[in-house]
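Participant: The structure is given below, and queries will be raised subsequently.
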Amino acid sequence: MSEQKSQIKHYSLSRVLSSITSVIGREYNRPYWIKAEMIKLNYYKKSNHCYPDLVEKSNGVIKAQIRATLWSNTFFRINANFVKNTGKPLSNGMNILFLAQVKHDVMHGLTLNILEIDTDYEIGQLAKSKNDCIVRLKKLGFFGLNKSLPFPKLPKRIAVISVDTSKGYQDFVNILKNNTRGYHFFHMLFPALLQGDAAVDSIIEQLDNIRKVKHHFDLVTIIRGGGGDVGLACYDEYDLAVEVARFPIPVVSGIGHSTNETVVEMVANYNPITPTDLAYFLQQQFDNNAVVLNEFQTSISSIAKTYLREQNSFLMNFAAILKGKSDRYIQNEKHDLQRCYQSIRQQSEFILKSNRQKISSIVNIMHISPLKSLISNRQSVKHIEEKIELLKPENLFKKGYSLSLHKGKPIADISELSIGDIVQTKTLTGELESKITKIIKK
């Protein structure tokens, strides 16, 4: 039996593998463009070589798998080109379109030697991912949420997501602190990674921290210290963009690049591009309100001056009206007093005239009457003269009598008077004006 086995034709392993190497080398004698997912880069720092694990999936199931080679010189060239054109380095989880030579080695087996990776394909993938993110945000109604928040008129309290060693952050702080107008800003740093795969989770974590104390801040700023477009892919990630879009207070981005606006910048409340522009933008908000306040001050001053002029004119007119009424009132009172005086004088003259006639009559009688009658009449005349003397207003006033007038007329009946009426009283030495507070009828 052993003799029969020893007669079976067989091949050495090296010969079989060499044959495979020869066949592959003959059949696959040129490079091929291949599309696959690079699930792991497998970069070795010591040699600077990479051994990417490549797979093809269908509905999440791996259909094919192979390990490729990416030698150090080729890796450095491709990676530098990748960063320049896509803004991020080669990393795990990328779908790539690459040019590779099919190689087989008797010691290392079958591999794909990567010669080139198409950056345009990756850019297309990034653009598709970015567009998908935008479409998803709009479909869910999140895209314009943060933009719809009213921007604070005086943004004084600022939560800053950045790195304290970032030049952009330092420039931002210096401009706010050293503004020539004397505006005072309060800012608090929430340190986070700002680029690379870990940046998304880092920034989201700090947004969550700020959300817990949001009542202490007017707005949130995301400040990235330069670097061009490198590492911006994280700002197109849906998880970060939706957090910014749904944040309860305004988010302002100062990522620091002028091309290829990211989704985070699109959904932010405002995007002044660079940290420097952002600082000057915040100062401008104070300037705008200062202009409005100055206009208000000027307007209020003008309104106040106009109002004072109008009131002064009104008071002058009112004073003139009061003076006119007072003058007329005094004139009327003078006329009333004159009429009263004339009335008293006429009454006195009438009494005197009447008594003079009586005296004349008595004198005539006395001339024809006996002496007794003359004596009697003289006594009567004397008595009458005394009465006449007593009836003179001056003598009545001297005795303490007075003349009371209401509305310029002598008071004959107190029933014509009422509580609160004004009464003028004339005496020997002057005139009084009284207000009735009590009436006692008899």
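Participant: For the stretch 384-442, name all the residues that are within 19 Å of Gln346 (Cα to Cα), touching a strand residue (DSSP E or B) at 6+ places or on another chain (Cβ under 7 Å) and not β-branched (Val, Ile, Thr).
Facilitator: Ser402, Leu403, Ser404, Leu405, Pro410, Lys426
Participant: In the stretch 115-149, how many are touching a Pro at 6+ places or on another chain (Cβ under 8 Å) and closer than 25 Å to Ile210 by Cβ?
Facilitator: 2
Participant: Shifting gears a bit: Suppose we keep only residues that are aromatic (Phe, Trp, Tyr) and under 22 Å from the mean Cα position of the chain (by Cα) within the stretch 235-286. Which one would you say is surrounded by the most Cβ atoms within 10 Å (Cβ to Cβ)?
Facilitator: At the first step, the residues of the stretch 235-286 found to be aromatic (Phe, Trp, Tyr) are 235, 238, 247, 270, 280-281, 286.
From what is left, the residues that are under 22 Å from the mean Cα position of the chain (by Cα) are 247, 270, 280-281, 286.
Details: Phe247: 21, Tyr270: 18, Tyr280: 16, Phe281: 16, Phe286: 19.
Looking at the filtered set, the residue picked out is Phe247.
Participant: A further question on this structure: Scan the stretch 51-83 for residues that are in contact (Cβ under 8 Å) with a residue 60 or more places away in the chain and not in a loop (DSSP other than H, G, I, E, B) and jot them down. Let's see the steps before the verdict.
Facilitator: Our first condition is that a residue be in contact (Cβ under 8 Å) with a residue 60 or more places away in the chain; within the stretch 51-83, this holds for 52, 83.
Hit for the stretch 51-83 is Val83, nothing else.
Participant: Can you spot a residue in the stretch 152-160 that is without any contact (Cβ under 8 Å) to a residue 60 or more places away in the chain and surrounded by 19 or more Cβ atoms within 10 Å (Cβ to Cβ)?
Facilitator: Going residue by residue through the stretch 152-160, those that are without any contact (Cβ under 8 Å) to a residue 60 or more places away in the chain are none.
No, the stretch 152-160 contains no residue that is without any contact (Cβ under 8 Å) to a residue 60 or more places away in the chain and surrounded by 19 or more Cβ atoms within 10 Å (Cβ to Cβ).
Participant: Continuing with this model, one more query. Out of all the residues in the stretch 86-118, which are out of contact with any strand residue (DSSP E or B) (no Cβ under 8 Å at 6 or more places or on another chain), surrounded by fewer than 18 Cβ atoms within 10 Å (Cβ to Cβ) and over 19 Å from Lys35 (Cα atoms)?
Facilitator: Val106, Met107, His108, Gly109
Participant: Here is a further query. Do we find that Asn59 is assigned by TED's automatic domain parsing to the domain that holds Thr111 and loosely packed, with under 10 Cβ neighbours inside 10 Å in this structure? Before the answer, list the steps.
Facilitator: Values: assigned by TED's automatic domain parsing to the domain that holds Thr111: yes; loosely packed, with under 10 Cβ neighbours inside 10 Å: yes.
Against the criterion (assigned by TED's automatic domain parsing to the domain that holds Thr111 and loosely packed, with under 10 Cβ neighbours inside 10 Å), Asn59 qualifies.
Participant: Which fully enclosed strands (runs of 3 or more DSSP E) of the stretch 337-442 have 1 or more residues being charged (D, E, K, R)? Don't jump to the end; show me each part of the working.
Facilitator: Working: elements: 403-406, 422-426, 431-435.
Here the list reads 422-426, 431-435.
Participant: Has the stretch 27-41 got at least one residue that is modelled with pLDDT under 90 and in a helix (DSSP H, G or I)?
Facilitator: yes
Participant: Sticking with this structure for a sec: Quick check on my filter: what residues within the stretch 386-431 are touching a residue at least 12 places away in the same chain (Cβ under 8 Å), farther than 30 Å from Ile359 by Cα and of a type in the set (A, V, I, L, M)?
Facilitator: Passing the criteria: Leu405, Ile411, Ile414, Leu417, Ile419, Ile422, Val423.
Participant: Restricted to the stretch 403-422, and to residues that are of a type in the set (S, T, N, Q) and at pLDDT 85 or above, which residue is nearest to Glu433 (Cα to Cα)? I'd like the intermediate steps shown before the answer.
Facilitator: Narrowing the stretch 403-422 to residues of a type in the set (S, T, N, Q): 404, 415, 418.
Narrowing further to those that are at pLDDT 85 or above: 404, 418.
Working: Ser404: 9, Ser418: 15 Å.
For the stretch 403-422, the residue satisfying everything is Ser404.
Participant: Go through the stretch 103-125 and count every residue that is closer than 14 Å to Ser22 by Cα, in a strand (DSSP E or B) and in contact with a helix residue (DSSP H, G or I) (Cβ under 6 Å, 6 or more places away or on another chain).
Facilitator: So the answer is 1.
Participant: Moving on to the next point. Among the residues of the stretch 138-178, what is the count of those that are of a type in the set (Lys, Arg) and under 15 Å from Asp218 (Cβ atoms)?
Facilitator: Filtering the stretch 138-178 for residues of a type in the set (Lys, Arg) gives 138-139, 147, 153, 156-157, 167, 177.
From what's left, under 15 Å from Asp218 (Cβ atoms): 153, 156-157.
Adding up the residues that qualify gives 3.
Participant: Can I ask one more? Determine if the stretch 224-234 includes at least one residue that is modelled with pLDDT of 85 or more, in contact with a helix residue (DSSP H, G or I) (Cβ under 8 Å, 6 or more places away or on another chain) and either more than 26 Å from Lys84 (Cα to Cα) or not aliphatic (A, V, I, L, M) (or both).
Facilitator: The first filter runs over the stretch 224-234 and keeps only residues modelled with pLDDT of 85 or more, leaving none.
The answer is no, given that none of the residues of the stretch 224-234 is modelled with pLDDT of 85 or more, in contact with a helix residue (DSSP H, G or I) (Cβ under 8 Å, 6 or more places away or on another chain) and either more than 26 Å from Lys84 (Cα to Cα) or not aliphatic (A, V, I, L, M) (or both).
Participant: Let me ask something else about it. Quick check on the stretch 120-143. Is at least one of its residues within 58 Å of the chain's Cα centre (by Cα), under 30 Å from Gln284 (Cα atoms) and in contact (Cβ under 8 Å) with a residue 60 or more places away in the chain?
Facilitator: Restricting attention to the stretch 120-143, the residues satisfying the condition of being within 58 Å of the chain's Cα centre (by Cα) are 120-143.
With the extra rule that they be under 30 Å from Gln284 (Cα atoms), the set shrinks to 142-143.
If we keep only those that are in contact (Cβ under 8 Å) with a residue 60 or more places away in the chain as well, we get 142-143.
Yes, the stretch 120-143 contains at least one residue that is within 58 Å of the chain's Cα centre (by Cα), under 30 Å from Gln284 (Cα atoms) and in contact (Cβ under 8 Å) with a residue 60 or more places away in the chain.
Participant: Kindly evaluate Ile134 against the criterion of being outside the structural domain of Glu27 (by TED's automatic domain parsing) and either aliphatic (A, V, I, L, M) or within 24 Å of Leu54 (Cβ to Cβ) (or both). Give the steps one after another, and end with the answer.
Facilitator: Numbers: outside the structural domain of Glu27 (by TED's automatic domain parsing): yes; either aliphatic (A, V, I, L, M) or within 24 Å of Leu54 (Cβ to Cβ) (or both): yes.
Judged against the criteria, Ile134 is a match.
Participant: Hey, another quick one. Among the residues of the stretch 381-394, which ones are of a type outside the set (Lys, Arg) and surrounded by 14 or more Cβ atoms within 10 Å (Cβ to Cβ)? Please lay out each step first, then the result.
Facilitator: Here is the first cut: in the stretch 381-394, the ones of a type outside the set (Lys, Arg) are 381, 383-386, 388-391, 393-394.
Of everything in the stretch 381-394, those that are of a type outside the set (Lys, Arg) and surrounded by 14 or more Cβ atoms within 10 Å (Cβ to Cβ) turn out to be Val381, Ile384, Ile388, Leu391, Pro393.
Participant: Being outside any helix (DSSP H, G or I) and in contact (Cβ under 8 Å) with a residue 60 or more places away in the chain is the filter here; which residues of the stretch 167-182 pass it? So that I can check it myself, show each step before the final result.
Facilitator: Let us first name the residues in the stretch 167-182 that are outside any helix (DSSP H, G or I), namely 178-182.
Hits for the stretch 167-182 are Asn179, Arg181.
The values are calculated or read from the model by the stated rules, or taken from the named source; none is laboratory data. Here the structure is a predicted model, which means the values were calculated and not measured. Don't worry about glycine lacking a Cβ; one is built from the backbone with ideal geometry, like all the others, and counts go over all protein chains shown.
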